[in-house]
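Scroll down for the structure; my scribbles are underneath it.
The values are calculated or read from the model by the stated rules, or taken from the named source; none is laboratory data. None of these values were measured; they are calculated from a predicted model. Methodologically, a virtual Cβ is constructed for each residue, glycine included, from the backbone with ideal geometry; neighbour enumeration extends over all protein chains shown.
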Amino acid sequence: MKYRDRDEIFTCILHTTGLNGARITKIMYSSFLSYTQVLGYLTTMVEYGFLKYDRADKLFRATSKGIRYLSLREKLCEILSLGSGKVEIKP
């Protein structure tokens, strides 16, 4: 597996949790992280406000801020991929 930066892992976790939520085990398997790693990322994401933890259901759910982060990241990737094509220089 290639190196993934924090943004890619955040995106993977947010896609997994979504609005319906997911438990730690599902997040671990979908993001290919160990238990210790996923706890670190989940703690950080809850602190940033991207996720919330529902103690009653034991589920992590994406917040509106997390959903907005996902949409902005997708738009940014789309913009960057458009600019990666050939550049034609006219005299």
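A quick yes/no check of all residues on (1) at pLDDT 95 or above; (2) surrounded by 15 or more Cβ atoms within 10 Å (Cβ to Cβ); (3) not polar (S, T, N, Q):
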residue: His15; (1), (2), (3): no, no, yes
residue: Gly18; (1), (2), (3): no, no, yes
residue: Phe32; (1), (2), (3): no, no, yes
residue: Tyr35; (1), (2), (3): yes, no, yes
residue: Thr43; (1), (2), (3): yes, no, no
residue: Lys75; (1), (2), (3): no, no, yes
residue: Gly83; (1), (2), (3): no, no, yes
residue: Val87; (1), (2), (3): no, no, yes
| message | What's the total number of residues in segment 9-26 that are touching a Leu at 6+ places or on another chain (Cβ under 8 Å), more than 19 Å from Lys65 (Cα to Cα) and not in a loop (DSSP other than H, G, I, E, B)? | response | 1
| task | List every residue pair whose Cβ atoms lie under 6 Å apart, where the two residues are 6 or more positions apart in sequence or sit on different chains, the first residue falls within segment 9-33 and is among the acidic types (Asp, Glu), and the second residue, located anywhere, is surrounded by fewer than 15 Cβ atoms within 10 Å (Cβ to Cβ) and in a helix (DSSP H, G or I). | result | none
